[in-house]
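The values are calculated or read from the model by the stated rules, or taken from the named source; none is laboratory data. Everything numeric in this text was worked out from a predicted model, so none of it was measured. Note that we place each Cβ from the backbone using ideal geometry, even for glycine, and neighbour counts take in every protein chain shown.
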Amino acid sequence: MTHAIGRRKTAVARVFVKEGTGKITLNGRDLKDFFTTMILQSKVLQPLKLTNTADAFDIKVNVQGGGITGQAEAVRHGLSRALCSINPEYRPILKAEGLLTRDPRMVERKKYGQKKARKRFQFSKR
């Protein structure tokens, strides 16, 4: 069994991969129950499709924080890392698609004296 962590924005996914039949469980629920849209499901399955290992592993994921898109991308990141530790030959394939890169974009903090991070309070000349 291999363990890896994937992150995106404030979402953190702990991914456990072991030999199996292709069953994917997220927080105790099936993939199709957890991520209802096909776009999010395909994001999660992308590393498995690229490496042709869709039915080779059972995957158990604990994911928390962030929204559903951030969680899906965190799972994808963790799964890519786990596959690389299982077989180093997958690394160039996944790296070419940019799946091993931690996306550093985060929400910018709100500053004092302003309404939001960059938006100012309304200016009144008179």
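Determine which member of the set A72, A13, A82 is within 26 Å of R105 (Cβ to Cβ), touching a Lys or Arg at 6+ places or on another chain (Cβ under 6 Å), among the aliphatic types (A, V, I, L, M) and outside any loop (DSSP other than H, G, I, E, B).
Going through A72, A13, A82 in turn, just one is within 26 Å of R105 (Cβ to Cβ), touching a Lys or Arg at 6+ places or on another chain (Cβ under 6 Å), among the aliphatic types (A, V, I, L, M) and outside any loop (DSSP other than H, G, I, E, B): A72.
Consider only pairs whose beta carbons are under 8 Å apart and that are at least six residues apart or on different chains; among these, list those whose first residue lies in the range 104-126 and is under 30 Å from V12 (Cβ atoms) and whose second residue is surrounded by 10 or more Cβ atoms within 10 Å (Cβ to Cβ) and small (G, A, S).
These pairs meet every condition: V107/A117; E108/A117; R109/A117; K110/A117; K111/A117.
Any residue in the range 43-64 that's closer than 16 Å to N87 by Cα: show its pairings with residues that are surrounded by fewer than 16 Cβ atoms within 10 Å (Cβ to Cβ) and of a type in the set (A, V, I, L, M) at Cβ separation under 6 Å, as long as the two are six or more apart or on different chains.
Partner pairs satisfying both residue conditions: L48/A54.
Anything in the range 1-42 that is in contact with an Asp or Glu (Cβ under 7 Å, 6 or more places away or on another chain) and at pLDDT 95 or above? List them, or say none.
R8
L99 passes all but one of (1) at pLDDT below 95; (2) part of a loop (DSSP other than H, G, I, E, B); (3) out of contact with any Leu (no Cβ under 9 Å at 6 or more places or on another chain); (4) not aromatic (F, W, Y); which number fails?
(3)
Does at least one position in the range 40-53 carry a residue that is touching a Ser or Thr at 6+ places or on another chain (Cβ under 9 Å), loosely packed, with under 13 Cβ neighbours inside 10 Å and assigned to a helix (DSSP H, G or I)?
Yes, because at least one residue in the range 40-53 is touching a Ser or Thr at 6+ places or on another chain (Cβ under 9 Å), loosely packed, with under 13 Cβ neighbours inside 10 Å and assigned to a helix (DSSP H, G or I).
Six or more apart or on different chains, Cβ atoms under 9 Å: show the pairs whose first residue is in the range 88-102 and among the polar types (S, T, N, Q) and whose second is part of a helix (DSSP H, G or I).
T101/H77; T101/K95
Here is a check on your reading of the model: is V107 of a type in the set (A, V, I, L, M) and in contact with a strand residue (DSSP E or B) (Cβ under 8 Å, 6 or more places away or on another chain)? Please lay out each step first, then the result.
Working: of a type in the set (A, V, I, L, M): yes; in contact with a strand residue (DSSP E or B) (Cβ under 8 Å, 6 or more places away or on another chain): no.
So V107 fails the test.
Would you check if K60 is of a type in the set (D, E, K, R), more than 11 Å from the chain's Cα centre (by Cα) and over 19 Å from V12 (Cα atoms)?
Values: of a type in the set (D, E, K, R): yes; more than 11 Å from the chain's Cα centre (by Cα): yes; over 19 Å from V12 (Cα atoms): no.
Against the criterion (of a type in the set (D, E, K, R), more than 11 Å from the chain's Cα centre (by Cα) and over 19 Å from V12 (Cα atoms)), K60 does not qualify.
For the range 80-90, does any single residue satisfy the condition of being touching an Asp or Glu at 6+ places or on another chain (Cβ under 9 Å), closer than 24 Å to T10 by Cβ and of a type in the set (A, V, I, L, M)? Spell out how you get there, then give the answer.
Keep residues of the range 80-90 that are touching an Asp or Glu at 6+ places or on another chain (Cβ under 9 Å), which gives 80.
Subset that is closer than 24 Å to T10 by Cβ: 80.
Now drop any that are not of a type in the set (A, V, I, L, M), which leaves none.
Scanning the range 80-90, I find no residue that is touching an Asp or Glu at 6+ places or on another chain (Cβ under 9 Å), closer than 24 Å to T10 by Cβ and of a type in the set (A, V, I, L, M), so the answer is no.
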